[in-house]
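Below is one structure, written out as structure tokens, with a few remarks after it.
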Amino acid sequence: MHIGTTLTNYIIETQRGIQGATGEFTGLLNDIATACKKISALVDKGDLVGVLGSAGSENVQGETQKKLDVITNEVFIEALSHNGHVAGLASEEMDEILELPKDAPRGHYLVLFDPLDGSSNIDVNVSVGTIFSILKAPEGVQDPKTEDFLQPGTTQVAAGYCLYGPSTMMVLTTGQGVNMFTLDKDFGEFLLTKEKVHIPEDTQEFAINMSNMRFWEAPIKRYVDECLAGKEGALGKDYNMRWVASMVAEVHRILSRGGIFMYPLDSKTTAKGQEGKLRLMYEANPMSYIVEQAGGASTTGRQRIMDLPPKDIHQRVPVVLGAKNDVERVTRYHNEG
Ligand code: AHG
Ligand code: MN
Ligand code: MN
Ligand code: MN
């Protein structure tokens, strides 16, 4: 594929030759691209169109919703519900899965999404994103139930995110590596700008919310202490640290220049009956698929994330992802402890 080709062309090309391909998947990715372009336009306009600030409501996650959490969720539903490419939708911002309108045509895919990731950053004009995970609906199922969405990450047929940063970028995997597309806002197309990205096995950059240190388990504390000890410590090299508080931006940085990202188990969340902060179905699984496809690794510290059998649509999990050797080291510390 040549650099500069459109996302649509890229999908058509990669689908060509796949037996039984009907164009439905191509249509679905186009719907998602359309939703992301709309969200990008809203994020760009920001305060000019009054979309910033709180919506005054709370979602099923117990988070105060930003206006844009609600609006972007609607944009996604609108772009995906009427075209016959999906059988059902699930979102971080909806208590239950979304059943399609009775008269809407049905497709074969399930889409799970985090419409606005890093939404605490929206009011301070820092990068936010959208994350999506695509599954196949079980054979013959037209009106899926929640159980039909509870498939392990290994069954994803595609996953991606759109980053609304200084430029808008769509990053996508369909299981053949990871490619990056940049939105040309002059004519409204995503164009291929980086092919087959690779995360270096080793890193000297970690990302974690250090304010939670006192709540972490010993293995994470040990690894971060070693990063902080630098050249003089067990790792024998100096580390740099970043924390954007938008997972999309962190993962994008790791795909672009390497690194490790951690949102580990902590006693603050276990006290609330949750295992970690990030959502398995809308954040951890799609990001794990992308990271693994780029040669990185992704675990809870104890188990590969994509192997987890989901128990709940809004399930939370600890996440450690990025540079293979560092992720393996953190896993080893968990196993030793
Ligand atoms: P969301 O805005 O979709 O609720 O997700 C926010 C997540 C993730 O993007 C980020 O890595 C993390 O929460 C930030 O957490 P802290 O507030 O603890 O920094
Ligand atoms: Mn949220
Ligand atoms: Mn999120
Ligand atoms: Mn969100």
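Read-outs throughout are calculated quantities, based only on the coordinates presented, and are distinct from any laboratory measurement. Here the structure is a predicted model, which means the values were calculated and not measured. Counting neighbours? That spans all protein chains shown, and the Cβs are built from the backbone with ideal geometry, glycine included.
Given the options VAL111, VAL124, VAL43, which has the most mean-square fluctuation in a GNM of the chain, springs set between C-alpha atoms less than 10 angstrom apart?
VAL124
ALA271 versus GLU96, label points 7 Å from Cα toward the beta carbon: distance in nm?
The modelled label-to-label distance comes out at 3.4 nm.
Testing the spin-label approximation: label points 7 Å from Cα along Cα→Cβ at ASP312 and ARG214. State their distance in nm.
So the label points at ASP312 and ARG214 sit 2.7 nm apart.
Contour minus end-to-end for HIS2 and GLU58, with contour as 0.36 nm per residue of separation and end-to-end as the Cα-Cα distance? The partial results should precede the final answer.
On the way: separation 56, 0.36 × 56 = 20.16 nm, distance 4.47 nm.
In short, 15.7 nm is gained.
By the scheme Lys and Arg +1, Asp and Glu -1, what is the net charge of all other residues having a beta-carbon under 10 Å from that of THR146?
Details: positive: LYS145; negative: GLU96, GLU147, ASP148, ASP312.
Its environment carries a net charge of -3.
Mark the label point 7 Å from the Cα of THR22 along Cα→Cβ and return the residues of region 157-180 whose backbone N is within less than 12 Å of it.
none
Pulled fully out, how much extra length does the chain show between LYS231 and ASP44, if you take 0.36 nm times their separation in residues and subtract their Cα-Cα distance?
63.1 nm
What net charge do the residues around HIS85 carry, taking every other residue with its C-beta under 10 Å from that of HIS85, with Lys and Arg at +1 and Asp and Glu at -1? All intermediate terms of the calculation are to be shown ahead of the outcome.
Values: positive: ARG106; negative: GLU24, ASP31.
It works out to a net charge of -1.
Restricting the count to DSSP beta bridges whose residues both fall in the chain, what percent are antiparallel, rounded to a multiple of 5?
Details: 45 of 54 bridges.
So the antiparallel bridges in the chain amount to around 85 percent.
Just want the ordering: MET213, MET306, from fewest to most Cβ atoms lying within 10 Å of their own Cβ.
On the way: MET213 13, MET306 20.
So the ranking, lowest neighbour count to highest, is MET213, MET306.
For region 19-178, what is the charge dipole size about the Cα centre, in debye to the nearest 20, if Lys and Arg each add +1 at the Cβ and Asp and Glu each add -1 at the Cβ? Don't skip to the end; give the middle numbers.
Values: 9 positive and 22 negative charges, 105 e Å.
That gives a dipole near 500 debye.
Within region 250-277, which residues have the backbone N less than 18 Å from the label spot 7 Å out from THR154 along Cα→beta-carbon, could you tell me?
none
Label ASN9 and GLU147 with points 7 Å out from Cα along Cα→Cβ: what is the distance between them in nm?
Result: 4.6 nm between the two label points.
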